[in-house]
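Working notes, structure below.
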Amino acid sequence: MFRRNKPADDAAMPEDMVVIVDQSVNPYLVLFHEPAGYRAEQVRALRNRLVAMNPDGEPKTLVVTSAVREEGKTVAALNLAMALAELERNQVVLVDGDLRRPSCERYLNLNPAPGLTDVLLGRAPLDRVLRPAGYRQLMLLGSGARVTNPAEVLGGSRLDELLHRLKERFQYVIVDSPPVLPSTDAGVLSARADGTLVVVRLEKSLKKQTRDAIRAVQDMGGNVLGCFVTELRGHDPESDRRLAYEPSSEGEGS
Ligand SMILES: Nc1ncnc2c1ncn2[C@@H]1O[C@H](COP(=O)(O)OP(=O)(O)OP(=O)(O)O)[C@@H](O)[C@H]1O
Ligand SMILES: [Mg+2]
(Lines give C-alpha, C1' and ligand atoms only; values in the text may rest on other atoms or scores of the structure.)
(Ligands and ions follow the chains in the order given, each with its own letter.)
Protein backbone atom coordinates (compact mmCIF):
# COMPACT_ATOMS: atom_id res chain seq x y z
CA MET A 1 0.00 0.00 0.00
CA PHE A 2 1.29 3.46 -0.79
CA ARG A 3 1.55 6.33 1.60
CA ARG A 4 0.46 9.73 0.50
CA ASN A 5 2.65 12.72 -0.06
CA LYS A 6 3.52 14.66 3.06
CA PRO A 7 0.65 16.96 3.97
CA ALA A 8 1.32 20.70 3.77
CA ASP A 9 0.61 21.06 7.45
CA ASP A 10 3.43 18.81 8.62
CA ALA A 11 3.55 20.56 11.98
CA ALA A 12 0.50 18.48 12.86
CA MET A 13 2.36 15.20 12.16
CA PRO A 14 3.49 13.19 15.17
CA GLU A 15 7.28 13.30 15.30
CA ASP A 16 7.77 9.54 15.23
CA MET A 17 5.65 9.07 12.12
CA VAL A 18 7.68 8.37 8.99
CA VAL A 19 6.05 9.54 5.81
CA ILE A 20 7.25 7.85 2.69
CA VAL A 21 6.71 9.86 -0.43
CA ASP A 22 6.45 7.28 -3.17
CA GLN A 23 7.95 9.18 -6.07
CA SER A 24 7.51 6.15 -8.30
CA VAL A 25 3.79 6.77 -8.52
CA ASN A 26 3.15 9.16 -11.41
CA PRO A 27 3.44 12.72 -10.01
CA TYR A 28 0.31 13.85 -11.83
CA LEU A 29 -1.85 11.48 -9.81
CA VAL A 30 -2.89 14.42 -7.67
CA LEU A 31 -5.49 12.51 -5.65
CA PHE A 32 -2.63 10.38 -4.41
CA HIS A 33 0.11 12.95 -3.98
CA GLU A 34 -1.80 16.13 -3.08
CA PRO A 35 -5.26 15.09 -1.92
CA ALA A 36 -5.85 18.44 -0.24
CA GLY A 37 -4.68 20.47 -3.22
CA TYR A 38 -6.53 22.55 -5.75
CA ARG A 39 -5.96 20.10 -8.60
CA ALA A 40 -7.43 17.21 -6.63
CA GLU A 41 -10.46 19.41 -5.95
CA GLN A 42 -10.89 19.95 -9.69
CA VAL A 43 -11.02 16.20 -10.22
CA ARG A 44 -13.56 15.91 -7.40
CA ALA A 45 -15.66 18.59 -9.10
CA LEU A 46 -15.74 16.47 -12.25
CA ARG A 47 -16.57 13.40 -10.17
CA ASN A 48 -19.43 15.25 -8.49
CA ARG A 49 -20.88 16.27 -11.84
CA LEU A 50 -20.72 12.67 -13.03
CA VAL A 51 -22.35 11.42 -9.85
CA ALA A 52 -25.07 14.08 -10.23
CA MET A 53 -25.76 12.75 -13.73
CA ASN A 54 -26.40 9.38 -12.15
CA PRO A 55 -28.86 10.06 -9.32
CA ASP A 56 -30.13 6.48 -9.09
CA GLY A 57 -26.65 5.26 -8.21
CA GLU A 58 -26.77 2.70 -10.95
CA PRO A 59 -23.48 1.20 -12.05
CA LYS A 60 -21.72 3.24 -14.67
CA THR A 61 -19.04 2.33 -17.14
CA LEU A 62 -17.02 5.29 -18.30
CA VAL A 63 -14.38 5.27 -20.99
CA VAL A 64 -11.67 7.93 -20.85
CA THR A 65 -10.12 8.68 -24.20
CA SER A 66 -8.72 11.47 -26.39
CA ALA A 67 -7.94 12.14 -30.03
CA VAL A 68 -4.25 11.24 -30.15
CA ARG A 69 -1.51 9.93 -27.92
CA GLU A 70 -0.14 11.57 -24.80
CA GLU A 71 -2.99 13.91 -24.04
CA GLY A 72 -3.36 12.79 -20.42
CA LYS A 73 -5.96 10.01 -20.72
CA THR A 74 -4.36 7.59 -18.28
CA VAL A 75 -3.65 10.22 -15.64
CA ALA A 76 -7.21 11.56 -15.97
CA ALA A 77 -8.72 8.06 -15.76
CA LEU A 78 -6.68 7.19 -12.66
CA ASN A 79 -7.41 10.49 -10.91
CA LEU A 80 -11.12 10.17 -11.65
CA ALA A 81 -11.22 6.56 -10.45
CA MET A 82 -9.43 7.58 -7.23
CA ALA A 83 -11.87 10.45 -6.69
CA LEU A 84 -14.82 8.09 -7.14
CA ALA A 85 -13.22 5.58 -4.78
CA GLU A 86 -13.08 8.27 -2.08
CA LEU A 87 -16.84 8.26 -1.80
CA GLU A 88 -18.09 6.03 0.96
CA ARG A 89 -19.49 2.69 -0.11
CA ASN A 90 -18.24 3.20 -3.67
CA GLN A 91 -16.63 0.11 -5.14
CA VAL A 92 -14.63 1.28 -8.14
CA VAL A 93 -12.52 -0.56 -10.68
CA LEU A 94 -10.08 0.95 -13.14
CA VAL A 95 -9.66 -1.14 -16.29
CA ASP A 96 -6.59 -0.62 -18.45
CA GLY A 97 -8.22 -0.94 -21.85
CA ASP A 98 -5.15 0.32 -23.67
CA LEU A 99 -3.74 -2.93 -25.02
CA ARG A 100 -1.28 -1.10 -27.28
CA ARG A 101 0.56 1.18 -24.82
CA PRO A 102 -0.70 0.15 -21.38
CA SER A 103 0.54 2.33 -18.53
CA CYS A 104 -1.81 2.06 -15.53
CA GLU A 105 0.37 -0.45 -13.71
CA ARG A 106 3.50 1.60 -14.35
CA TYR A 107 1.84 4.83 -13.14
CA LEU A 108 0.73 3.06 -9.96
CA ASN A 109 4.17 1.50 -9.54
CA LEU A 110 2.77 -2.04 -9.74
CA ASN A 111 4.32 -4.98 -11.51
CA PRO A 112 2.68 -6.16 -14.72
CA ALA A 113 0.31 -9.04 -13.99
CA PRO A 114 -2.39 -10.99 -15.81
CA GLY A 115 -5.41 -8.82 -16.59
CA LEU A 116 -7.91 -7.83 -19.25
CA THR A 117 -6.53 -9.78 -22.21
CA ASP A 118 -6.18 -12.91 -20.08
CA VAL A 119 -9.85 -12.70 -19.10
CA LEU A 120 -10.99 -11.90 -22.65
CA LEU A 121 -9.03 -14.84 -24.02
CA GLY A 122 -10.41 -17.17 -21.35
CA ARG A 123 -6.98 -17.73 -19.80
CA ALA A 124 -7.76 -16.41 -16.32
CA PRO A 125 -10.89 -15.91 -14.20
CA LEU A 126 -11.82 -12.33 -13.36
CA ASP A 127 -11.49 -12.87 -9.61
CA ARG A 128 -7.88 -13.87 -9.93
CA VAL A 129 -6.77 -10.83 -11.92
CA LEU A 130 -8.57 -8.04 -10.05
CA ARG A 131 -6.19 -6.50 -7.53
CA PRO A 132 -5.99 -3.48 -5.22
CA ALA A 133 -4.68 -0.37 -6.95
CA GLY A 134 -3.08 0.89 -3.73
CA TYR A 135 -5.57 3.69 -3.14
CA ARG A 136 -8.56 3.29 -0.84
CA GLN A 137 -10.80 0.51 -2.11
CA LEU A 138 -9.95 1.14 -5.78
CA MET A 139 -9.36 -2.08 -7.71
CA LEU A 140 -7.33 -2.47 -10.87
CA LEU A 141 -7.82 -4.72 -13.86
CA GLY A 142 -4.53 -4.31 -15.70
CA SER A 143 -4.18 -4.77 -19.45
CA GLY A 144 -2.79 -8.30 -19.07
CA ALA A 145 -0.49 -10.23 -21.38
CA ARG A 146 0.50 -8.35 -24.53
CA VAL A 147 -1.37 -9.47 -27.64
CA THR A 148 -0.59 -8.88 -31.30
CA ASN A 149 -4.25 -8.39 -32.29
CA PRO A 150 -5.77 -5.93 -29.77
CA ALA A 151 -8.70 -4.95 -32.02
CA GLU A 152 -9.77 -8.58 -32.37
CA VAL A 153 -9.36 -9.28 -28.66
CA LEU A 154 -11.51 -6.27 -27.74
CA GLY A 155 -13.98 -6.89 -30.54
CA GLY A 156 -15.17 -10.28 -29.26
CA SER A 157 -18.38 -10.87 -27.32
CA ARG A 158 -16.45 -11.57 -24.12
CA LEU A 159 -15.91 -7.83 -23.60
CA ASP A 160 -19.68 -7.29 -23.21
CA GLU A 161 -19.87 -10.15 -20.79
CA LEU A 162 -16.91 -8.85 -18.78
CA LEU A 163 -18.28 -5.30 -18.54
CA HIS A 164 -21.62 -6.71 -17.47
CA ARG A 165 -19.96 -8.66 -14.65
CA LEU A 166 -17.92 -5.65 -13.56
CA LYS A 167 -21.08 -3.53 -13.47
CA GLU A 168 -22.74 -6.02 -11.20
CA ARG A 169 -19.87 -5.83 -8.79
CA PHE A 170 -18.77 -2.18 -8.89
CA GLN A 171 -20.64 1.11 -8.83
CA TYR A 172 -18.18 2.63 -11.28
CA VAL A 173 -16.05 1.01 -13.96
CA ILE A 174 -13.51 3.45 -15.39
CA VAL A 175 -11.83 2.30 -18.58
CA ASP A 176 -8.57 3.86 -19.72
CA SER A 177 -8.32 3.55 -23.48
CA PRO A 178 -6.01 4.21 -26.40
CA PRO A 179 -6.53 7.36 -28.49
CA VAL A 180 -9.48 7.43 -30.89
CA LEU A 181 -7.93 8.53 -34.16
CA PRO A 182 -5.11 5.95 -34.63
CA SER A 183 -7.25 2.82 -34.04
CA THR A 184 -10.81 1.62 -33.52
CA ASP A 185 -10.21 0.26 -29.99
CA ALA A 186 -11.48 3.35 -28.15
CA GLY A 187 -14.62 3.41 -30.31
CA VAL A 188 -15.25 -0.28 -29.59
CA LEU A 189 -14.86 0.31 -25.84
CA SER A 190 -16.99 3.48 -25.92
CA ALA A 191 -19.81 1.72 -27.76
CA ARG A 192 -20.07 -0.78 -24.91
CA ALA A 193 -19.83 1.78 -22.10
CA ASP A 194 -22.48 4.06 -20.64
CA GLY A 195 -20.45 7.17 -21.29
CA THR A 196 -17.20 8.51 -22.71
CA LEU A 197 -15.07 11.40 -21.50
CA VAL A 198 -12.73 13.01 -24.00
CA VAL A 199 -9.52 14.44 -22.58
CA VAL A 200 -8.29 17.70 -24.08
CA ARG A 201 -4.82 18.95 -23.26
CA LEU A 202 -5.01 22.69 -23.20
CA GLU A 203 -2.73 24.45 -25.70
CA LYS A 204 -1.58 21.07 -27.07
CA SER A 205 -4.65 19.24 -28.35
CA LEU A 206 -5.78 20.33 -31.80
CA LYS A 207 -9.41 21.42 -31.97
CA LYS A 208 -10.02 19.63 -35.25
CA GLN A 209 -8.59 16.37 -33.96
CA THR A 210 -10.70 16.54 -30.82
CA ARG A 211 -13.81 17.26 -32.89
CA ASP A 212 -13.01 14.36 -35.24
CA ALA A 213 -12.46 12.09 -32.25
CA ILE A 214 -15.82 13.02 -30.69
CA ARG A 215 -17.56 12.38 -34.00
CA ALA A 216 -15.78 9.03 -34.43
CA VAL A 217 -16.84 7.89 -30.94
CA GLN A 218 -20.43 8.94 -31.65
CA ASP A 219 -20.40 7.20 -35.05
CA MET A 220 -19.37 3.98 -33.30
CA GLY A 221 -22.35 4.32 -30.94
CA GLY A 222 -20.54 5.91 -27.99
CA ASN A 223 -22.19 8.45 -25.69
CA VAL A 224 -19.84 11.42 -25.26
CA LEU A 225 -20.60 13.01 -21.90
CA GLY A 226 -18.10 15.83 -22.18
CA CYS A 227 -14.48 16.91 -22.30
CA PHE A 228 -11.97 16.83 -19.49
CA VAL A 229 -9.55 19.71 -19.94
CA THR A 230 -6.13 19.16 -18.41
CA GLU A 231 -3.09 21.37 -17.87
CA LEU A 232 -5.10 24.50 -17.18
CA ARG A 233 -2.87 27.52 -16.80
CA GLY A 234 -3.62 30.73 -14.94
CA HIS A 235 -5.76 28.84 -12.42
CA ASP A 236 -2.93 27.85 -10.20
CA PRO A 237 -3.46 28.44 -6.49
CA GLU A 238 0.09 29.74 -6.34
CA SER A 239 -0.85 32.49 -8.76
CA ASP A 240 -4.11 33.31 -6.97
CA ARG A 241 -4.27 32.53 -3.26
CA ARG A 242 -8.06 32.89 -3.21
CA LEU A 243 -8.28 29.62 -5.13
CA ALA A 244 -6.46 27.69 -2.43
CA TYR A 245 -8.60 26.35 0.40
CA GLU A 246 -6.41 24.36 2.72
CA PRO A 247 -7.71 23.50 6.18
CA SER A 248 -6.84 26.31 8.60
CA SER A 249 -4.50 25.63 11.47
CA GLU A 250 -5.84 25.89 15.00
CA GLY A 251 -6.40 29.42 16.18
CA GLU A 252 -6.16 30.87 12.67
CA GLY A 253 -8.80 33.45 11.88
CA SER A 254 -9.96 33.79 15.52
N1 LIG B 1 -1.84 17.63 -16.11
C2 LIG B 1 -0.65 17.31 -16.61
N3 LIG B 1 0.32 18.23 -16.76
C4 LIG B 1 1.52 17.92 -17.27
N5 LIG B 1 1.89 16.67 -17.68
C6 LIG B 1 0.97 15.71 -17.55
C7 LIG B 1 -0.34 15.95 -17.03
N8 LIG B 1 -1.04 14.79 -17.04
C9 LIG B 1 -0.19 13.86 -17.54
N10 LIG B 1 1.01 14.40 -17.83
C11 LIG B 1 2.19 13.69 -18.38
O12 LIG B 1 1.98 13.62 -19.79
C13 LIG B 1 2.37 12.34 -20.27
C14 LIG B 1 1.18 11.68 -20.94
O15 LIG B 1 0.18 11.45 -19.95
P16 LIG B 1 -0.73 10.14 -20.03
O17 LIG B 1 0.10 8.90 -20.08
O18 LIG B 1 -1.78 10.26 -18.99
O19 LIG B 1 -1.37 10.41 -21.48
P20 LIG B 1 -2.12 9.36 -22.42
O21 LIG B 1 -3.04 10.19 -23.24
O22 LIG B 1 -2.71 8.29 -21.58
O23 LIG B 1 -0.93 8.78 -23.30
P24 LIG B 1 -1.01 7.50 -24.27
O25 LIG B 1 -1.73 7.98 -25.50
O26 LIG B 1 0.43 7.16 -24.49
O27 LIG B 1 -1.76 6.44 -23.54
C28 LIG B 1 2.89 11.55 -19.07
O29 LIG B 1 4.29 11.65 -19.05
C30 LIG B 1 2.26 12.24 -17.89
O31 LIG B 1 3.06 12.13 -16.74
MG1 LIG C 1 -2.57 6.21 -21.72
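The values are calculated or read from the model by the stated rules, or taken from the named source; none is laboratory data. Given the structure is predicted, the values throughout are model-derived calculations rather than measurements. Cβ atoms come from the backbone with ideal geometry, glycine included; neighbour counts cover every protein chain shown.
If a residue counts only when it is away from ligand 1 (no atom under 14 Å from the Cβ) and free of Cβ contacts under 8 Å to residues at least 24 places away in the same chain, which helices (runs of 4 or more DSSP H) contained entirely in region 57-145 have at least 1 such residues?
Numbers: elements: 73-86, 104-107, 116-120, 126-129.
Helices (runs of 4 or more DSSP H) meeting the threshold: 126-129.
Among the residues of region 182-209 satisfying the criterion of being within 16 Å of ligand 2 (Cβ to nearest atom) and among the hydroxyl-bearing types (Ser, Thr, Tyr), which is surrounded by the fewest Cβ atoms within 10 Å (Cβ to Cβ)?
183
Output yes when any residue across region 44-55 is part of a loop (DSSP other than H, G, I, E, B), under 14 Å from the mean Cα position of the chain (by Cα) and either over 17 Å from residue 185 (Cβ atoms) or within 16 Å of ligand 1 (Cβ to nearest atom) (or both), and no when none is. Walk me through how you get there before you give the answer.
Residues of region 44-55 that are part of a loop (DSSP other than H, G, I, E, B), as a first pass: 53-55.
Right, trim to under 14 Å from the mean Cα position of the chain (by Cα) and you get none.
No, there is no match, as no residue in region 44-55 is part of a loop (DSSP other than H, G, I, E, B), under 14 Å from the mean Cα position of the chain (by Cα) and either over 17 Å from residue 185 (Cβ atoms) or within 16 Å of ligand 1 (Cβ to nearest atom) (or both).
Hey, residue 66 hits all of (1) out of contact with any Pro (no Cβ under 9 Å at 6 or more places or on another chain); (2) surrounded by 22 or more Cβ atoms within 10 Å (Cβ to Cβ) but one; which does it fall short on?
(1)
Within region 146-170, how many residues turn out to be part of a loop (DSSP other than H, G, I, E, B) and more than 27 Å from residue 82 (Cα to Cα)?
Going residue by residue through region 146-170, those that are part of a loop (DSSP other than H, G, I, E, B) are 146-149, 156-157, 170.
Those left that are additionally more than 27 Å from residue 82 (Cα to Cα): 147-149, 156-157.
Qualifying residue count for the region: 5.
Quick one: in region 44-75, which of the residues that are out of contact with any Ser or Thr (no Cβ under 6 Å at 6 or more places or on another chain) and small (Gly, Ala, Ser) is modelled with the highest pLDDT?
Here is the first cut: in region 44-75, the residues out of contact with any Ser or Thr (no Cβ under 6 Å at 6 or more places or on another chain) are 44-62, 64, 66, 68-70, 75.
Subsequent filtering for residues that are small (Gly, Ala, Ser) retains 45, 52, 57, 66.
On the way: 45: 91, 52: 88, 57: 72, 66: 96.
Per the stated criteria, the residue is 66.
In region 119-136, which residues are of a type outside the set (A, V, I, L, M) and out of contact with any helix residue (DSSP H, G or I) (no Cβ under 6 Å at 6 or more places or on another chain)? Step through it out loud before you land on a result.
Initially, region 119-136 is screened for residues of a type outside the set (A, V, I, L, M), giving 122-123, 125, 127-128, 131-132, 134-136.
Across region 119-136, the qualifying residues are 122, 123, 125, 127, 128, 131, 132, 134.
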